[in-house]
Amino acid sequence: MRNYLVKKFPEYHVLSVGSGELIVLWAGRHRTLRGMTAAAGQAQIRAAEPNDLGVIAGIFAHYVTTSVATFEETPPTVSEWAKKLSGMSELGLPFLVVEAGGRDGEDSRGSRGGGGARVAGYAYAVPWRPKPAYRHTVEDSVYLAPGWTGRGLGRLLLTTLLAHCARAGAREMIAVIADSGAGASVALHRACGFTDAGRLAGVGFKHGRWIDTLLLQRGLADGAG
Ligand SMILES: CC(C)(COP(=O)(O)OP(=O)(O)OC[C@H]1O[C@@H](n2cnc3c(N)ncnc32)[C@H](O)[C@@H]1OP(=O)(O)O)[C@@H](O)C(=O)NCCC(=O)NCCS
């Protein structure tokens, strides 16, 4: 039995890990999170803190400069991340990090946390649009350090983010995903219950090519369980 989601989220407990599943106790109910790996079983999720922002900036900078996963072209500075963190805190929206053990993924850009764990990735939700009638709709972002992908951590982060957004009163979550040919983000969102909501053709231009974005959507009114 392993506990995760410590500190600020003590209501989450991993009851068992096995055959690609985590069975968790959340809000008094058992929930089965499928597709989990041993890495996810050993991971801990907690709220992001100012000390994490250097690592978060480094993870994101990797994807800004090497991929089209984000349409940013200049990596935000740590102080820009600090503004984002405090703005989200004011809105009551979650900004989470996942810490994973140091043995696997030593090539990752994660940095050391408590007990040898490293921040291996992060997820947060921001308002989908600034106009007030959109206030119950959020957009997610999930990024893992390169050495930590494909081990269930993205699913663990997104599942937890969904639950926290539902508790914060959000009703819909939107994912905007560059159609880069790399399927991990689309697969992650579909695995977490998102459905396809559309394609915007040729709306991005990065690294010398035009890129479509895919929109996926997930209702949260059912509690995101
Ligand atoms: C996208 C990302 C967050 C996914 O997290 P992850 O930990 O790699 O994914 P998981 O191991 O949790 O897998 C989640 C699901 O996606 C599937 N999946 C993962 N990688 C995949 C890939 N490359 N191709 C196809 N499916 C994939 C898994 O099989 C799993 O589905 P299942 O639970 O039904 O078996 C991570 O790969 C990442 O950070 N990528 C780079 C940054 C990025 O693209 N961020 C998203 C921006 S919108």
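Between HIS136 and THR65, the simple label model (points 7 Å from Cα in the Cβ direction) yields a spacing of 4.3 nm. Taking the fewest neighbouring Cβ atoms within 10 Å as the starting point, the ordered list for VAL138, VAL126 is VAL126, VAL138. With Rh defined as the Kirkwood radius, the inverse of the mean 1/r over Cα pairs, the Rg/Rh of segment 123-224 is 0.97.
The packing ranking of peptides 210-217, 72-79, highest mean first, is 210-217, 72-79, where packing means the average number of other beta carbon atoms within 10 angstrom of each residue.
Sparse packing (at most 16 other Cβ atoms within 10 Å of the Cβ) combined with a DSSP loop state is found for the following trypsin sites (Lys or Arg not before Pro) in segment 117-225: ARG135, ARG171. Taking Lys and Arg as +1 and Asp and Glu as -1, the other residues whose beta-carbon sits under 12 Å from that of LEU158 total +2. The Kirkwood hydrodynamic radius of segment 44-219, based on inverse pair distances between different Cα atoms, is 16.5 Å. Once both labels are positioned 7 Å from their Cα atoms along Cα-to-Cβ, the gap between SER86 and ASP212 label points is 4.2 nm.
Quick note: the coordinates plus some simple rules give every number you see, no bench work behind them. Everything numeric in this text was worked out from a predicted model, so none of it was measured. Because the Cβ atoms are built from the backbone with ideal geometry, glycine has one as well, and the counts that use them run over all protein chains shown.
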